[in-house]
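Accompanying notes for the structure given below.
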Amino acid sequence: EAGPDPGAASAAADRLSQRFPAFGHLTHMPSHTYLRTGRWHAGVATNARALDAGEREAAKCVDPYGPQHNAQMLVYGAMTGGELGAAERYARELRRYPAAFGPTYMTDGRDNVAELLVHARFAKWDSVMDLTPDQATMAATGVMLPPGEETHSHAMRHFVRALALAAKAGAPAPVPVPGVTAAVVTPAPASDQAGAADGGQAQQQVQVLQPVVPQAVAEARKQAQAEVDALAADTASLPPDPVTKPGRGLGIYSPGFKATAQHALHVATARLALLDGDWAEAELQLASAVAIEDSAGYTEPPRFHQPQRECLGWVLLGQGKLQQAADAYLQDLEEFPRSPWALTGLRAVYDAAATRQVDLRLPAPAPTPSQVQALLSQLAAESQGAAVTLPTSCPAFSEPQL
């Protein structure tokens, strides 16, 4: 699993996922192999069985091992596989687990924000706006929490609300064309027209247009900025992330509250930049978010609800930077094999390249357009109808409501 060919563990993982149904965490373990090989539905299924085993243990007054981790792996796998229904269901279940599994329940403090982040990744903006501040934090659960949990949870709520309000304010503004200014030409005054009869040229009046922003849109933009400002304040107030062992970066046991809040701040700032038509700034902000992902170190599931190469690729594609967009999606596929999000983005790049007759420089392992489509069809079949069709690689930026 941890070597250069994690697929070599697939057969053993399949046997283990079914062999000991009474042992929840053991049943869960194959999902780490499935995450590294892009078998998203298999990961959802084995973690669901693991959680069922944990519920049976709890009913016998036996403390199950790691139900929160099992559920987090399920939610992340379901999100990455496009299985919105399973992701929503088990993100809601995470809210129930502290009471269901008792005072020994172990958590990294991210249980209650999981549902918020599922809604954000799939652009379920009405659901985002319905969740209250108290629903975002675990402060009232009575379980032991890492320092900064409440501030981090509120920061994540500000993050998803900023995205939702930006979507309400409107689609990203078009990429500006250098040297072109929106203008309207009006007829010259009558006095100027008269001069034309004597062989003079009638002078046209050119008035630069200012965009007309409806009041409701302007108010949504203002509210989105307020959420970003609140996110920035919470991010600044979070304590430094502890560095744990084993693992590089923050290590596998650090909750990474500061890093995830900083990451969210870059993503939200990018979304507002798009709303203002500043695609170059959005690209810079998303590149900063990707850098945080790359430096934070390994943990499974990843701390970040969505790898931002998927949104960076979408922004690059929107600017016509097809080669860079393709590179972003291919790098995402290296980290998350068979990701339907990256494959959806790569398909859009291939379509744009064909339309514009652009030759892309792709490494030998890169899937061809026909292979991309075949992989997406395979993933849809494997999900047994559970996966939604993704409109883009980054609905959080592209969609008013999925």
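The values are calculated or read from the model by the stated rules, or taken from the named source; none is laboratory data. Quick caveat: nothing in here was measured; it's all calculated off a predicted structure. Positions of Cβ are backbone-derived with ideal geometry, glycine not excepted, and every protein chain shown enters the neighbour counts. Side chains included, ligands, DNA and RNA excluded: accessible areas come from the protein's heavy atoms. Shrake-Rupley method; radii C 1.70, N 1.55, O 1.52, S 1.80 Å.
Criterion first (more than 23 Å from the chain's Cα centre (by Cα) and either closer than 27 Å to Thr389 by Cβ or open to solvent by less than 10 Å² (accessible area, probe 1.4 Å) (or both)) does Gly43 satisfy it? Talk me through it step by step, then tell me what you get.
Working: more than 23 Å from the chain's Cα centre (by Cα): no; either closer than 27 Å to Thr389 by Cβ or open to solvent by less than 10 Å² (accessible area, probe 1.4 Å) (or both): yes.
Against the criterion (more than 23 Å from the chain's Cα centre (by Cα) and either closer than 27 Å to Thr389 by Cβ or open to solvent by less than 10 Å² (accessible area, probe 1.4 Å) (or both)), Gly43 does not qualify.
Which ones in the stretch 27-47 are farther than 15 Å from Gly81 by Cα and either without any contact (Cβ under 8 Å) to a residue 40 or more places away in the chain or not in a helix (DSSP H, G or I) (or both)?
Here is the first cut: in the stretch 27-47, the ones farther than 15 Å from Gly81 by Cα are 27-30.
Answer for the stretch 27-47, where residues must be farther than 15 Å from Gly81 by Cα and either without any contact (Cβ under 8 Å) to a residue 40 or more places away in the chain or not in a helix (DSSP H, G or I) (or both): Thr27, Met29, Pro30.
Taking the options Asp351, Asp332, name whichever one is among the charged types (D, E, K, R) and either over 26 Å from Ala264 (Cβ atoms) or surrounded by fewer than 19 Cβ atoms within 10 Å (Cβ to Cβ) (or both).
On the way: Asp332 fails: either over 26 Å from Ala264 (Cβ atoms) or surrounded by fewer than 19 Cβ atoms within 10 Å (Cβ to Cβ) (or both).
Matching residue, one of Asp351, Asp332: Asp351.
Yes or no: Pro246 in a loop (DSSP other than H, G, I, E, B) and either crowded, with 17+ Cβ neighbours inside 10 Å or in contact with a Lys or Arg (Cβ under 7 Å, 6 or more places away or on another chain) (or both)? Outline the logic, then answer.
Values: in a loop (DSSP other than H, G, I, E, B): yes; either crowded, with 17+ Cβ neighbours inside 10 Å or in contact with a Lys or Arg (Cβ under 7 Å, 6 or more places away or on another chain) (or both): no.
No.
Can you name every residue in the stretch 276-326 that is open to solvent by 10 Å² or more (accessible area, probe 1.4 Å) and small (Gly, Ala, Ser)?
Gly277, Ala280, Ala287, Ser288, Ala291, Ser295, Gly297, Gly318, Gly320
Considering the stretch 354-367 alone, what residues qualify as being open to solvent by less than 80 Å² (accessible area, probe 1.4 Å) and closer than 25 Å to Gly77 by Cα? I'd like the intermediate steps shown before the answer.
We begin by selecting, within the stretch 354-367, every residue open to solvent by less than 80 Å² (accessible area, probe 1.4 Å); these are 354, 358, 360, 362-363, 366-367.
Once the filter is applied, which keeps residues that are open to solvent by less than 80 Å² (accessible area, probe 1.4 Å) and closer than 25 Å to Gly77 by Cα, the stretch 354-367 yields Ala366, Pro367.
From Leu346, Leu312, grab the single residue that is under 26 Å from Lys258 (Cβ atoms), among the hydrophobic types (A, V, I, L, M, F, W, C) and assigned to a helix (DSSP H, G or I).
Only one candidate qualifies: Leu312.
Kindly indicate whether any position in the stretch 56-67 is among the small types (Gly, Ala, Ser), part of a helix (DSSP H, G or I) and crowded, with 19+ Cβ neighbours inside 10 Å.
Of the residues in the stretch 56-67, the ones among the small types (Gly, Ala, Ser) are 58-59, 66.
Applying the additional criterion that residues be part of a helix (DSSP H, G or I) yields 58-59.
With the extra rule that they be crowded, with 19+ Cβ neighbours inside 10 Å, the set shrinks to none.
So far as the stretch 56-67 goes, no, none of its residues is among the small types (Gly, Ala, Ser), part of a helix (DSSP H, G or I) and crowded, with 19+ Cβ neighbours inside 10 Å.
Restricting to the stretch 349-373, name every residue that is within 22 Å of Asp5 (Cα to Cα) and either touching a strand residue (DSSP E or B) at 6+ places or on another chain (Cβ under 6 Å) or assigned to a helix (DSSP H, G or I) (or both).
Scanning the stretch 349-373 gives Gln371, Val372.
Just checking, does the stretch 373-391 include any residue being within 25 Å of Gln285 (Cα to Cα) and open to solvent by less than 20 Å² (accessible area, probe 1.4 Å)? Break it down into steps so the answer makes sense when it comes.
The initial filter retains those residues of the stretch 373-391 that are within 25 Å of Gln285 (Cα to Cα), namely 390-391.
Narrowing further to those that are open to solvent by less than 20 Å² (accessible area, probe 1.4 Å): 390.
So far as the stretch 373-391 goes, yes, one or more of its residues are within 25 Å of Gln285 (Cα to Cα) and open to solvent by less than 20 Å² (accessible area, probe 1.4 Å).
Given the options Ala273, Ala230, Ala261, Ala224, name the one that is free of Cβ contacts under 8 Å to residues at least 40 places away in the same chain and surrounded by 14 or more Cβ atoms within 10 Å (Cβ to Cβ).
Values: Ala230 fails: free of Cβ contacts under 8 Å to residues at least 40 places away in the same chain; Ala261 fails: free of Cβ contacts under 8 Å to residues at least 40 places away in the same chain; Ala224 fails: free of Cβ contacts under 8 Å to residues at least 40 places away in the same chain.
Of the residues listed, the single one that is free of Cβ contacts under 8 Å to residues at least 40 places away in the same chain and surrounded by 14 or more Cβ atoms within 10 Å (Cβ to Cβ) is Ala273.
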